[in-house]
Amino acid sequence: MSFPGSGLAKGLAVTLRTMTKRSVTAQYPDVQPDLPPRTRGVIGLFEENCTVCMLCARECPDWCIYIDSHKETVPPAAPGGRERSRNVLDRFAIDFALCMYCGICIEVCPFDALFWSPEFEYAETDIHELTHERDKLREWMWTVPEPPALDPAAEEPKELAAARKAADKIAAQQQAEAEAAQAQAQEQAQASEQESADQDRPDTPGEGT
């Protein structure tokens with residue numbers, strides 16, 4: 001059972017407790033905020049990894065990624081080989097006026113070409129200037145924080161374990177071949193020394209009669 005005015009008394013008690021606490025307001029922009037490493041600010045583009053697969057543009061819920069490309073013919077790497085065609089990126093732009101920062105484009109990129117940057121100071125007076133081209137997206141790559149260290153207690157990825165197993169097998173095979181070649185070289189050297197010793201040994205009397 002509540003008494004009349006108890007709600008008001010509780011509210012005033014909260015107000016009094018808050019008034020006695022020290023203010024923690026940061027005077028931005030004089031004091032820059034300490035952002036967590038996984039802050040979703042803007043999206044940085046690592047252009048060298050982009051293969052123009054268009055997955056990010058197709059999966060974007062807001063259709064705010066614009067990509068243009070063309071095909072080029074690559075000469076064969078070896079004489080007698082076949083020519084290949086590859087996609088060349090002409091334009092990669094993101095309209096941050098439409099972006100809802102869901103991160104789907106970063107998740108679906110199979111070649112690690114898109115990354116979250118904690119940079120957030122990109123306000124514009126004109127909404128059309130919120131469409132940033134690949135040059136600006138590339139500049140934001142330098143603000144992407146380093147990935148966190150791996151958990152030492154975590155299991156090793158299967159791909160890494162398979163690659164290490166294959167590398168160890170090749171290394172063991174090469175070591176065995178090197179040891180066999182070294183042993184063969186030693187046998188040849190010993191045989192050559194023995195042959196030289198036999199040729200230098202003087203004939204004993206009675207031989208050849």
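The values are calculated or read from the model by the stated rules, or taken from the named source; none is laboratory data. In this text the structure is predicted, and so the values were computed from the model without any measurement. Using ideal geometry, Cβ is built from the backbone for each residue, glycine included, and neighbour counts are taken over all protein chains shown. For the accessible areas, the whole protein counts, side chains as well, though only heavy atoms, and no ligand, DNA or RNA atoms are used. Shrake-Rupley method; radii C 1.70, N 1.55, O 1.52, S 1.80 Å.
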Check your understanding: Restricting the search to segment 121-134, which residues are surrounded by 11 or more Cβ atoms within 10 Å (Cβ to Cβ) and without any contact (Cβ under 8 Å) to a residue 24 or more places away in the chain?
Key -> E124, E129
Revision key, fill the gap. Of the residues in segment 139-160, those that are under 30 Å from L45 (Cα atoms) and among the aliphatic types (A, V, I, L, M) come to M141, V144, A149, L150, A154, L160
Exercise for review: Return a yes/no flag: does segment 56-75 have any residue that is under 30 Å from P29 (Cα atoms), open to solvent by 60 Å² or more (accessible area, probe 1.4 Å) and of a type in the set (A, V, I, L, M, F, W, C).
Suggested key: no
**Study point:** In segment 140-161, the residues that are closer than 30 Å to Y66 by Cβ and surrounded by 10 or more Cβ atoms within 10 Å (Cβ to Cβ)
**Key:** W140, M141, T143, V144, P145
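Against the condition closer than 26 Å to M141 by Cβ and open to solvent by 70 Å² or more (accessible area, probe 1.4 Å), how does Y101 come out, does it pass?
No.
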Exercise for review: Tell me which residues, restricted to segment 97-109, are on the phi < 0 side of the Ramachandran plot and in contact (Cβ under 8 Å) with a residue 12 or more places away in the chain.
Suggested key: A97, L98, C99, M100, C102, I104, C105, I106, V108, C109
**Study point:** Condition broken by S85, with the remaining ones in (1) among the small types (G, A, S); (2) surrounded by fewer than 12 Cβ atoms within 10 Å (Cβ to Cβ); (3) under 21 Å from R138 (Cβ atoms); (4) touching a strand residue (DSSP E or B) at 6+ places or on another chain (Cβ under 6 Å) satisfied
**Key:** (3)
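A quick yes/no check of all residues on (1) within 30 Å of T51 (Cβ to Cβ); (2) open to solvent by 100 Å² or more (accessible area, probe 1.4 Å); (3) in contact (Cβ under 8 Å) with a residue 40 or more places away in the chain:
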{"residue": "D95", "(1), (2), (3)": "yes, no, no"}
{"residue": "R138", "(1), (2), (3)": "yes, no, yes"}
{"residue": "A163", "(1), (2), (3)": "yes, no, no"}
{"residue": "S196", "(1), (2), (3)": "no, no, no"}
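Residue-by-condition table, conditions (1) more than 44 Å from the chain's Cα centre (by Cα); (2) charged (D, E, K, R); (3) open to solvent by 80 Å² or more (accessible area, probe 1.4 Å):
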residue: K10; (1), (2), (3): yes, yes, yes
residue: V14; (1), (2), (3): yes, no, no
residue: M19; (1), (2), (3): yes, no, yes
residue: Q32; (1), (2), (3): no, no, yes
residue: R40; (1), (2), (3): no, yes, yes
**Study point:** Residue that is more than 18 Å from the chain's Cα centre (by Cα), modelled with pLDDT of 85 or more and closer than 30 Å to E119 by Cα, where the choices are K169, K136, K165
**Key:** K136
Study note, to complete from the structure: Okay, strands (runs of 3 or more DSSP E) sitting entirely in segment 1-96 with 1 or more residues that are polar (S, T, N, Q) and on the phi < 0 side of the Ramachandran plot, I get 65-74, 84-95
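Residue-wise test of (1) in a helix (DSSP H, G or I); (2) closer than 30 Å to C56 by Cβ.
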position: E124; (1), (2): no, yes
position: W140; (1), (2): yes, yes
position: L160; (1), (2): yes, yes
position: A167; (1), (2): yes, no
position: S192; (1), (2): yes, no
